[in-house]
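Working notes for the structure below.
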Amino acid sequence: MVRGEEFPGNGKKGGYLYCKIRCDGRVLYTRLCKDTLNPEWNDRMTFYRKSPEKDIIIEVWHRGRVMDTFLGECVIPMSESATYRGGNVNRRFGLTARGKRREKMEGYIWLKVLHTNDLNRV
């Protein structure tokens, strides 16, 4: 998780943003970036996957005082895993709503994705 940009906000005030990453039955979280609409997470996550063909889902959330708000998600299609073999390329993914319609939402996330069977590369 590198960073995010162009998330919706209330005027000049930024949000308290974090991501929830769902992969192979596990859920990991980025750190919370405070008072920003363009968070810099720079978090590294490594998954040893039993089902490498299953997509990875990244959700972006705003932390609220009472309840957190879902801002959108992006699905990393593992059917395209061959394009993630380089590992040092930043890629921009747009956010969509949940469900079948997958409507486009405001905001983008930048990721570095490396998919490999060689544990020495991790």
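The values are calculated or read from the model by the stated rules, or taken from the named source; none is laboratory data. Since this is a predicted model, take the numbers as computed values, not measurements. Glycine gets a Cβ as well: all are built from the backbone with ideal geometry, and neighbour counts include every protein chain shown. These accessible areas exclude ligands, DNA and RNA; they are computed on the full protein's heavy atoms, side chains included. Shrake-Rupley method; radii C 1.70, N 1.55, O 1.52, S 1.80 Å.
Does the stretch 45-54 include one or more residues that are part of a strand (DSSP E or B), open to solvent by 30 Å² or more (accessible area, probe 1.4 Å) and modelled with pLDDT of 80 or more?
No, the stretch 45-54 has no match at all.
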### Task
Take the stretch 9-21 and flag every residue that is at pLDDT below 95, at negative phi and either open to solvent by 50 Å² or more (accessible area, probe 1.4 Å) or of a type in the set (D, E, K, R) (or both).
10, 12, 13, 16
### Query
Are any residues in the stretch 1-44 within 14 Å of residue 110 (Cα to Cα), assigned to a strand (DSSP E or B) and among the hydroxyl-bearing types (Ser, Thr, Tyr), and if so, which ones?
18
### Message
Pairs needed: first member in the stretch 88-109, more than 16 Å from residue 19 (Cα to Cα); second member anywhere, open to solvent by 50 Å² or more (accessible area, probe 1.4 Å); C-beta distance under 6 Å; at least 6 residues apart or different chains.
### Response
90/110; 90/112
### Task
Give the residue, chosen from 3, 31, that is open to solvent by 80 Å² or more (accessible area, probe 1.4 Å) and modelled with pLDDT of 85 or more.
31
### Task
Tally the residues that are at pLDDT below 85, touching a strand residue (DSSP E or B) at 6+ places or on another chain (Cβ under 7 Å) and among the polar types (S, T, N, Q), restricting the search to the stretch 55-87.
0
